[in-house]
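The block underneath contains the structure these notes are about, expressed in structure tokens.
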Amino acid sequence: MSSSQYTYNLSSLAYSLPLLHAAAHPSSTVQGVFLANPSAAGTASTGAGRRPLEITEAIPVLHAETTLTPMLEAALEHVEVYAGKKSLVVVGMYEVSEGVSLSRAGKAFLGGIKKSWAESFALTVDIKQLRTGGNPYVMTLASDPSKNLQDSARLSTPGPNATKQTLMMIKGEKLHELLRDFDDHLDDSSAEWLENKALAAAIAKSIK
Amino acid sequence: MALSDKDQLARWRQIGARHSEKVVELAPKVLSAGAAGEDEWAVREQLAFAALDMGMVEWATDQLRALERQFPDSPRVGILAGLRYEALGQPEEARKVYEAILEFEETNTSAHQRLIALSLPLGPSHSIPLLLTYLDTYYTDAQGWSLLADLYCELGLYAQGLTALGHVLVVQGWDGGAVSRSGGVAYTMGDYQLALKYYLRAIEMATPPPGTAADGPASTRDWWGIRQAAKRLLDDPSAATSLPPNLVVGPEKLRALLELATERILSAGGSSLDVRRTVLGGQDIIR
């Protein structure tokens, strides 16, 4: 049985953060994680019978050495502790690179997350879709990593203007300059990477 | 004292920093004020590169045409013409430009590098052979060896990646970043003893002499590397390593290193310290 029993509903933060992370490091592959509370998932509506899961947070992790493991492992230990305090669990990851498919390292990352939560998913970005202002995300389920699901009924976004509003945040307000990930934290431990509070507040204002 | 726009651009050219977003802001101001002086052509070239980076192809084209008029048939300007084709999504046109430059000047390393860059979207298995041929001739190109290491690691060929980083260090022995990366590769390969050695060397290289202060905030990356490696080794003392037995670090020293790394990471202070404490305190150091 390959299908996940969930639909994944991205909050404004979860939707825009991967794109902001990519904008902050335009010549690197970037990776991060998504958090949610699966025990708070809604009941299945009729039809496909899937339960809606609100993906409330996204945390940017790496923009360097994305093929290597030690810093990723250290980062994920932090994320686990942080998530635990908020009754959240790592439910997915994202990777934004030149290509649409998950890299080898990205697949290993997803495999690692799957051990903690079987219904995990990965999001990558189709740059061409970004230009049209549509939903640029391509989803891969950990339960069936060979399939890329584009424009899937399984992924819902904060609204039809979310991409345009995210691009405005980047081009207009340059909000990606506020973003800090674990790699930034390693270079300067004052970098606040788990919550990116200022950025999160700006996103809440910009994406409606 | 803050640098003037012109001097800031010069400084970035000197250290080879891109800062493309800032360059497209500053360079036009400097040029239109007529303030560039003898730097004018270097600034135009810098602006062209930055504009291409930002996808502002028309701006780049303006600068390119000015450079072509000033320096006709210049291979250096030719590279920019090729890059413009790349930015327009016309790799075959770019390839023709670079190959033409190489016919005129076989040793133009920028043209060789761009041909390799054109092969990157095809995947590491295409780029690696080209890069190896290039490095056979241009052995001292540390960036080339660094790129080779990245490509090998993308394929999961970590041992080969480590060897490539070794060549970076032959060419740039002072490169602490390459030592740190080598630690990361060794760790990913599962050779935690070797990783430990690299991370310790990276720390040694980054530690200023006694009596001098380090400039800027303290990096905790290599201390995390030590913590991760030491923890793995304490959890699994029988882990295999490529190191000979006399270089292997035993449990007592590993515990001491773990304590030291923990102390160094915590003393860096900063954000989410409570989470960090939980992560670091989560190991039983007292066995």
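The values are calculated or read from the model by the stated rules, or taken from the named source; none is laboratory data. Since the model is a prediction, treat every value here as computed from it, not as a measurement. A quick note on method: Cβ atoms are made from the backbone with ideal geometry, for glycine too, and the neighbour counts reach across all protein chains shown.
For the range A:104-119, a tally of residues being out of contact with any Ser or Thr (no Cβ under 7 Å at 6 or more places or on another chain), more than 24 Å from B:LEU122 (Cβ to Cβ) and either of a type in the set (Gly, Ala, Ser) or assigned to a helix (DSSP H, G or I) (or both) returns 4. The selection criterion, being within 21 Å of B:HIS19 (Cα to Cα) and either among the hydroxyl-bearing types (Ser, Thr, Tyr) or at pLDDT 95 or above (or both), holds for B:ARG84. Taking every residue in the range B:1-24 that is within 17 Å of A:LYS174 (Cα to Cα) and pairing it with any residue that is part of a loop (DSSP other than H, G, I, E, B), at least 6 positions away or on another chain, the pairs with Cβ-Cβ distances below 7 Å are B:SER20/B:MET54; B:GLU21/B:MET54; B:VAL24/B:MET54; B:VAL24/B:MET56.
Among the residues making up the range B:55-87, those that are outside any helix (DSSP H, G or I) and touching a residue at least 12 places away in the same chain (Cβ under 8 Å) are B:GLY55, B:MET56, B:PHE71. Taking (1) under 28 Å from the mean Cα position of the chain (by Cα); (2) away from chain A (no Cβ under 14 Å); (3) assigned to a helix (DSSP H, G or I) in turn, B:ASN246 satisfies each apart from (1). Here A:SER146, A:SER101 are screened, and the one residue that is modelled with pLDDT under 95, within 29 Å of B:LEU157 (Cα to Cα), small (Gly, Ala, Ser) and outside any loop (DSSP other than H, G, I, E, B) is A:SER146.
Each row is one residue, and each column tells you yes or no for (1) of a type outside the set (D, E, K, R); (2) touching a strand residue (DSSP E or B) at 6+ places or on another chain (Cβ under 9 Å); (3) within 16 Å of B:GLY161 (Cα to Cα); (4) assigned to a loop (DSSP other than H, G, I, E, B).
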site	(1), (2), (3), (4)
B:ARG95	no, no, no, no
B:ALA100	yes, no, no, no
B:GLU103	no, no, no, no
B:ALA111	yes, no, no, no
B:ILE116	yes, no, no, no
B:LEU132	yes, no, yes, no
B:LEU147	yes, no, yes, no
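All told, B:SER146 falls short of being of a type outside the set (A, V, I, L, M, F, W, C) and crowded, with 23+ Cβ neighbours inside 10 Å. So how many residues does the range A:178-196 have that are under 18 Å from the mean Cα position of the chain (by Cα) and either in a loop (DSSP other than H, G, I, E, B) or within 10 Å of another protein chain (Cβ to nearest Cβ) (or both)? So the answer is 10.
Just one residue in the set B:GLU99, B:GLU106 is acidic (Asp, Glu) and within 25 Å of B:GLN63 (Cβ to Cβ); that residue is B:GLU99. Selection over the range B:217-243 of residues that are surrounded by fewer than 18 Cβ atoms within 10 Å (Cβ to Cβ), more than 8 Å from every other protein chain (Cβ to nearest Cβ) and either part of a loop (DSSP other than H, G, I, E, B) or in contact with a helix residue (DSSP H, G or I) (Cβ under 8 Å, 6 or more places away or on another chain) (or both) gives a count of 7.
Determine whether B:THR188 is among the hydroxyl-bearing types (Ser, Thr, Tyr) and surrounded by fewer than 13 Cβ atoms within 10 Å (Cβ to Cβ). In short, no.
Of the listed requirements (1) in contact (Cβ under 8 Å) with a residue 40 or more places away in the chain; (2) in a loop (DSSP other than H, G, I, E, B); (3) away from every other protein chain (no Cβ under 14 Å), A:ALA64 misses just one: (3). Residues in the range B:255-287 that are at pLDDT below 95 and away from every other protein chain (no Cβ under 13 Å): B:ASP284, B:ILE285, B:ILE286, B:ARG287. Has the range B:142-164 got at least one residue that is within 14 Å of chain A (Cβ to nearest Cβ) and farther than 30 Å from B:ILE116 by Cβ? Taking every residue of the range B:142-164 in turn, none turns out to be within 14 Å of chain A (Cβ to nearest Cβ) and farther than 30 Å from B:ILE116 by Cβ.
Among the residues of the range B:125-141, those that are within 14 Å of chain A (Cβ to nearest Cβ) and surrounded by fewer than 19 Cβ atoms within 10 Å (Cβ to Cβ) comprise B:SER125, B:HIS126. Only one of the listed residues (A:GLY106, A:GLY92) is small (Gly, Ala, Ser), in contact with a helix residue (DSSP H, G or I) (Cβ under 8 Å, 6 or more places away or on another chain), buried (at least 22 other Cβ atoms within 10 Å of the Cβ) and at pLDDT 90 or above. That residue is A:GLY92.
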